[in-house]
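The structure under discussion appears below in the form of structure tokens.
The values are calculated or read from the model by the stated rules, or taken from the named source; none is laboratory data. The model shown is predicted, which means the values in this text are computed figures rather than measured ones. Note: ideal-geometry Cβ built from the backbone for every residue, glycine included; neighbour counts use all protein chains shown.
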Amino acid sequence: MSTSTTCIRRARSTDVDILADVFDETWREAYRGIIPGVSLERMIAQRSSQWWLGATQRRRPLVVCETADTVVGYAVYGPARARTLEAAGEIDELYILPAYQGLGLGRRLFHAVCNDMHDHGLARIGVWALEENDRACAFYAGLGGVPAGRSVDRIAGSTLPKVGFRFG
């Protein structure tokens, strides 16, 4: 699988169906066994193409990772929504389809997002990962993220610990 024609660009309204599919596949793979089954299915169902259309029109940047003319991942980011991690910028979501993981695309997407935030004066960046999501925690630690906070998400009566990583 060649990634030589990879580009990272702003999401467009024509991407909404594939974004819904990418969300579905990446969240099932990342959170099956972590987020209770019914809750996970509800969360996935809420991210329809219509939801993604709204996301492409919001002020918070939404970018896609495209390789060989196929959207294989996305990221949402911008100014930090809270000061818990003592960061100016925050990556809300960053996902790559399972079939494309391990090729360096997540790293390229991460760096592109960080570069954009740096260009907008957001030098210190934070990101949260569910503590049980070993792959995400290893990914952010491998990129040089320093554990900078702990918190919990409450989803459908479940308490899910999360760890925050800070960069910069």
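Observations, loosely collected:
- Selection within the range 26-46 - over 19 Å from THR56 (Cβ atoms) and part of a helix (DSSP H, G or I): ARG28, GLU29, ALA30, TYR31, GLY37, VAL38, SER39, LEU40, GLU41, ARG42, MET43, ALA45
Here is a yes/no grid of residues against (1) more than 26 Å from GLY126 (Cβ to Cβ); (2) not hydrophobic (A, V, I, L, M, F, W, C):
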| site | (1), (2) |
| --- | --- |
| PHE23 | no, no |
| THR26 | no, yes |
| GLU29 | no, yes |
| ILE34 | no, no |
| LEU53 | yes, no |
| THR56 | no, yes |
| ARG60 | no, yes |
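- When the range 1-56 is filtered for residues that are surrounded by fewer than 18 Cβ atoms within 10 Å (Cβ to Cβ), at pLDDT 95 or above and among the acidic types (Asp, Glu), the ones remaining, listed by number, are ASP17, ASP21, ASP24, GLU25, GLU29.
Conditions tested, residue by residue: (1) assigned to a loop (DSSP other than H, G, I, E, B); (2) within 15 Å of the chain's Cα centre (by Cα).
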site	(1), (2)
GLY78	no, yes
ALA87	yes, no
GLY102	yes, no
ALA112	no, yes
VAL127	no, yes
GLY144	yes, no
SER151	no, no
THR159	no, no
PHE165	no, yes
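- Test set (1) modelled with pLDDT under 95; (2) among the small types (Gly, Ala, Ser); (3) over 29 Å from SER158 (Cβ atoms) - ALA112 fails condition number: (1)
- In the range 101-127, the residues that are more than 20 Å from VAL163 (Cα to Cα), in contact with a helix residue (DSSP H, G or I) (Cβ under 9 Å, 6 or more places away or on another chain) and surrounded by 19 or more Cβ atoms within 10 Å (Cβ to Cβ): LEU122
- Residues of the range 60-83 that turn out to be buried (at least 16 other Cβ atoms within 10 Å of the Cβ) and either over 17 Å from ASP119 (Cβ atoms) or aliphatic (A, V, I, L, M) (or both), as a count: 13
Here's the yes/no breakdown for (1) surrounded by 14 or more Cβ atoms within 10 Å (Cβ to Cβ); (2) under 19 Å from LEU94 (Cα atoms):
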{"site": "ALA129", "(1), (2)": "yes, yes"}
{"site": "ALA141", "(1), (2)": "yes, yes"}
{"site": "GLY144", "(1), (2)": "no, yes"}
{"site": "THR159", "(1), (2)": "no, no"}
